[in-house]
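Comments concern the structure below.
All of the numbers you see were taken from the coordinates with simple rules; none came from a lab. This one's a predicted model, so the numbers in the text were calculated from it and none came from an experiment. Ideal geometry is used to build each Cβ from the backbone, glycine not excepted, and the neighbour counts take in all protein chains shown.
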Amino acid sequence: MSQTVAKTVSYSDPIIDQILQQADAQWAASMKVNRRSFLKLAGIAGSGLTLAFSFGPAAFADGEDAQMPQFNAYVRVSPEGKIYIYATNPEIGQGVKTSMPMIVAEELDAAWEDVVVEQSPIGSQYGRQFAGGSLSIPMNWDALRHAGAAARAMLVAAAAKQWNVPADSLRTENSKVFNQLGDSLSYGDLAEVAARQPAPAADSLRLKDRSEYRLLGKRITGVDNEEIVTGQPLFGIDTRLPGMVYATYTKCPAFGGKAVSANLDEVKRLPGVKDAFILEGNGNLTELASGVAIIANSTWAAFQAQKKLKVEWDKSEASTDSWTEIVKTAAELAKKDGDEVVENKGDVDGAFQNAAKTVESYYSYQFASHAPLEPQNCTAHYKNGMLEVWAPSQTPQGAIGSVAKVTGLSADKIKLNQTRIGGGFGRRLLNDYVCEVAAIAQKVDAPVKLQWTREMDMQHDFYRPAGFHSLKGAVDQSGKLSGWQNHLITFTNNGRPVSGGSLSKDEFPALNLENYKLTQTNLPLGTPCYAWRAPGANAFAWVMQSFIHELATAAGRDHREFLLEVMGEPRWFAEGNPRSLNTGRAIDVIKLATEKAGWGKQLPAGRGMGLAFHFSHAGHVAEVAEVSVDANKKLTVHKVTVATDVGPVVNLSGAENQAEGGIVDGLSTMMALEITMENGEVQQSNYHNYRPLRIKNAPVVETHFIQSEYSPTGMGEPVLPPLAPAVCNAIYAATGHRVKTLPLSKEGFTI
Amino acid sequence: MSTINTTINGKSEAIQDVDPSTPLLWVLRDHLGLVGTKYGCGIAQCGACTVHIDGSPVRSCSTPVSAAQGKSVTTIEGLAVNVGALTAVQQAWVEHDVPQCGYCQAGQIMSATALLKANPNPSDADIDAAMSGNFCRCGTYPRIRAAIHSAAKAQRGEKA
């Protein structure tokens, strides 16, 4: 991508639009910027103070863009007193459109009611714009704080000039600067003078101490809430353009099959149909798979025509996956170690020989679909060699590259607008639907919206990989966990391990134990897999934390005490790396969750409490589930107590919402959601046979935060993984039944 | 292709050039531009498409537009009588910060509004029954429940 992309986009704040175009030229002329620097954007008379900020090494792109500074924050203080803050990252429901501007507003001492949050366009100048890995907050925390502090410093400097007093004698609050006499000037009144002040050096700024926070840590409601509750057009699917036509795209039910021919003439004669054609595709399921496009004058006409479409598929290279066969193969393989040794440390064999107790167990879990409620869709218009796209994508910058590849257009001919996203969960990290509409738009003389049916969405997903773990654990004479081995059976797509399918060498409890062995077998898979909320962790947590409980039980120990002992001394395995387990933080959340849940209290028969801890996506989370199970294996999850340490909480309302949602999503997925495939085709198609939880099954969720001194990290993912093991450990406590297969419906449970 | 005469959000509409079997959802979204009503499943499983016909909640993805003949349809856009105002239910949704992605919430609000009209003081079990047709992929159920209780109080004139 180059800066020309930005020049073609329209900004929601027209003044920033003009200023940024000047800024491009300004940067191009100088090209030399400090690693931490501000750009006080060239003012437009009457526009107030506008700042762009480029911060840290991540603010610089590699390769051809190395000279192009990337700003990760924009702030404009208008003379009318409005404070415009750009939200740069895609909003998928994780709340960044609210939480990221809150960080700027805090350091700026802006009154939140003066803040107007605008969704920024897509372009390399806006830093790395994506929604994934719970990374939006940790990657932008420093930049956003500095941006707010810089704007504040310039407003203070302007006031100091006006009053002719030293800047350090002034204080700020609620979008105003106060002097020691108690006089105040509003930010709006100061904006024009502030714009004429020199931009401060980043290193000269003093950031607030946490005790000074007025906004961060409070419950702030989402900036789009009013638009959402009144049904305003926000989402990708809501895009409407003059003269727009509607498309469906039909792909082979067995992944990788190619369209050879179709009853196109018949389809073209159907009511409302304007055109129908085959796209050869580029053979890459994440970009453009072969298929048949139907263009119609309404979504319904396109859907109806799709039902009449008959395609002859060449399945010579298509998937032939069979879940039944996979299950059988894995059970055979599980009887021995895997060929690939991922880790083998200490003396595992010795630990088993000297063990007081050993436990062997085989755990398996299912493929799962993302099933976001907004089915995949995208709108594009190809005109005069330019392609404009309206995309609900978690990786909009990546989408531009993929679209360039499939259309043959250079990136500067592609303008991409981001929309609000009706659920991501990792599905929209891939841009297949964006590529499809781009290729279709090149053949259509009008704006075109591609709309997938729910069935398409469920049967052409990139699934959470299933997995099989053959585990053996040892407990020594003193009742301590002394040895652990695991053979993981997972998958490859096109020869490469699937995303979220492999255990790393340092996956818990590898680092906590002296004697640890992990081997792996990869089965080739035609069904495509990809990141699903808390990739890897979403399933591994269930296996590891269930097995730890099995071992604690075998040793006759209290689960909590056993788990705390496994954590050992408080230590940070890779000091300074937020993605490395810190056992001190783990211990703290385990203690807090169990204390708040009343761990150890007497419960009636059929009722039990289960504990689990998992560290993922930089979040330390412990959960206690309280469940009851009746004689017919009907499960009720009464309450889940969550204790989490993600550092200081940015938006308490958003963080609590993510915790509640993570619990419901975790329970929904473990309960009955399962994707199976036979003859390469996914057998589930819609919410009648892939049935997510309803309101009556949602447990009470009580969330506690340990707001430690570490830098804040994301809340979108880490609460989900511990839920399944906490519930299964509670089922064991209630019934003595150890769940070893997910979803629970496989073992006869209902909810 | 007959004409369907209906009232949508208080405004008379003569819908032409549409097959009467077309789901109301797609007439609202594609023909009338009322995109607040959402497509989620097309088989009346998720409730994202919920609208009111003569005050009763229906799944517009599985209701032919012909069913609106001579009737009054209310969508999320027409829920508040005055433009720019919010109903008690919408207000509660904002205050409880219910939405995550927000995609299902129009349907949730339409179902909740119908519930409170029929039952101004619903129990948790009443809420479970009335809201069971609305799926939230983000799992905002605890907040939906709290918002309904709070809207019910507000509508009864009690302090929320």
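Of A:GLY385, A:GLY536, A:ALA276, which is farthest towards the positive pole of chain A's charge dipole, taken about the Cα centre with +1 and -1 on the beta-carbons of Lys, Arg and Asp, Glu respectively?
Projecting each Cα onto the dipole axis, the largest value belongs to A:ALA276.
Specify the inter-centroid distance of the stretch B:1-76 and the stretch A:246-277, based on alpha-carbon positions, in whole Å.
With the stretch B:1-76 and the stretch A:246-277 each reduced to a Cα centre, they are spaced 27 Å.
Which residue, chosen from A:ASN522, A:HIS737, A:GLY217, occupies the Cα position most advanced towards the positive end of the dipole of chain A, where the dipole is computed from +1 (Lys, Arg) and -1 (Asp, Glu) charges on Cβ about the Cα centre?
The residue sitting most towards the positive pole is A:HIS737.
Quick check: the angle from helix B:105-118's long axis to the longest principal axis of chain B, C-alpha only, nearest 10 degrees?
80 degrees
Could you work out how far apart the two model spin labels at A:LYS335 and A:LYS218 are, taking each label as a point 7 Å from the Cα in the direction of the beta carbon, and quote it in nm?
Rounded to a tenth, the inter-label distance reads 6.6 nm.
Where a ≥ b ≥ c are the square roots of the eigenvalues of the C-alpha gyration tensor, would you call the stretch A:122-190 rounded, which needs a/c under 1.5, or, failing that, prolate if a/b is larger than b/c, or oblate?
It is prolate, given that a/c is not under 1.5 and a/b is the larger ratio.
In nanometres, what is the gap between the two model label sites at A:MET386 and B:ASP126, each 7 Å from Cα along Cα-to-Cβ?
Going from the A:MET386 label point to the B:ASP126 one covers 5.6 nm.
Restricting to DSSP loop positions (anything but H, G, I, E, B) with no more than 16 other Cβ atoms inside 10 Å of their own Cβ, which trypsin sites (Lys or Arg not before Pro) remain in the stretch B:105-145?
Passing sites in the stretch B:105-145 do not exist.
Using a Förster distance of 60 Å, how high is the FRET efficiency between A:ASP630 and A:SER204, based on the Cβ-Cβ distance and rounded to 0.05?
Given R0 = 60 Å and the Cβ-Cβ separation, E is 0.35.
Loop only by DSSP, 14 or fewer other Cβ within 10 Å of the Cβ. Give me the chymotrypsin sites (Phe, Trp or Tyr not before Pro) in the stretch B:54-160 that pass, ordered by residue number.
When the chymotrypsin sites (Phe, Trp or Tyr not before Pro) of the stretch B:54-160 are filtered for loop state and at most 14 Cβ neighbours within 10 Å, nothing remains.
For n ≥ 4 DSSP H runs only, could you compute -39500 (n - 2.57) per run for chain A, divide by its residues and tell me the 222 nm figure to the nearest 500?
That comes out to -9000 deg cm²/dmol.
Mean separation of Cα pairs under 8 Å and 6+ residues apart, divided by the residue count of the stretch A:581-646: what relative contact order is that in percent?
Computed over the stretch A:581-646, the figure is 34 percent.
Using 0.36 nm per residue of separation minus the Cα-Cα distance, give me the extension gain between A:GLU514 and A:ARG240 in nm, one decimal.
92.6 nm
Given Cβ point charges of +1 (Lys, Arg) and -1 (Asp, Glu) and nothing else, what value in debye, to the nearest 20, does the dipole of the stretch A:624-677 about its Cα centre take?
Here the stretch A:624-677 has a charge dipole of around 180 debye.
Please give the net charge around B:ASP124, taking every other residue with its beta carbon less than 10 angstrom from that of B:ASP124, where Lys and Arg add +1 and Asp and Glu add -1.
Its environment carries a net charge of 0.
Can you tell me what share of the DSSP beta bridges in chain A is antiparallel? A percent to the nearest 5 is fine.
Percentage antiparallel, nearest 5: 75.
Only Lys, Arg, Asp and Glu count, each charged at its Cβ (+1, +1, -1, -1), so figure out the dipole size of the stretch A:539-643 about its Cα centre, rounded to 20 debye.
Its charge dipole is roughly 300 debye.
Put +1 on the Cβ of every Lys and Arg and -1 on every Asp and Glu Cβ in the stretch B:4-75; which of B:GLN45, B:VAL73, B:VAL27 then has its Cα farthest towards the positive end of the dipole?
The residue sitting farthest along the positive end of the dipole is B:GLN45.
If you count, for each residue, the other Cβ atoms within 10 Å and average over each peptide, how do A:332-338, A:449-455 line up from highest to lowest?
Ranking, from highest mean packing down: A:449-455, A:332-338.
Pull up all non-local amide H partners of A:VAL342: gap of 5 or more, or a different chain, and H-to-H distance under 5 Å with H placed in the peptide plane.
Under 5 Å from the amide H of A:VAL342 lie the amide H atoms of A:LEU518, A:THR519, A:GLN520, each far enough along the sequence or on another chain.
Which residues does the label zone of A:TRP572 cover in the stretch A:708-732, counting backbone N under 11 Å from a point 7 Å along Cα→Cβ?
A:709-711
Expressed as a rounded percentage, what relative contact order does the stretch A:518-624 have, with Cα pairs under 8 Å and six or more residues apart?
24 percent
Hey, which of these cross-link pairs are over 24 Å Cα-Cα: A:LYS268/A:LYS310; A:LYS307/B:LYS38; A:LYS472/A:LYS633?
From the list (A:LYS268/A:LYS310; A:LYS307/B:LYS38; A:LYS472/A:LYS633), the Cα-Cα distance tops 24 Å for A:LYS472/A:LYS633.
Compute the orientation-averaged projected area for chain B from the convex hull of its Cα atoms and round it to one decimal in nm².
About 8.9 nm², averaged over all directions.
Counting alpha carbon pairs within less than 8 Å and at least 6 residues apart, what relative contact order, in whole percent, applies to chain A?
Rounded, it is 13 percent for chain A.
Does the protein assembly as shown come out rounded, prolate or oblate, given a ≥ b ≥ c as the square roots of the eigenvalues of its C-alpha gyration tensor, rounded meaning a/c under 1.5 and, failing that, prolate meaning a/b above b/c?
Rounded shape, in that the Cα axes give a/c under 1.5.
Might you report the magnitude of the Cβ-based charge dipole of the stretch B:88-155 about its Cα centre, with Lys and Arg at +1 and Asp and Glu at -1, to the nearest 20 debye?
80 debye
Under a point spin-label approximation (7 Å from Cα along Cα-to-Cβ), what is the A:ALA356-B:LYS153 distance to one decimal in nm?
If labels sit at A:ALA356 and B:LYS153, their model points lie 5.3 nm apart.
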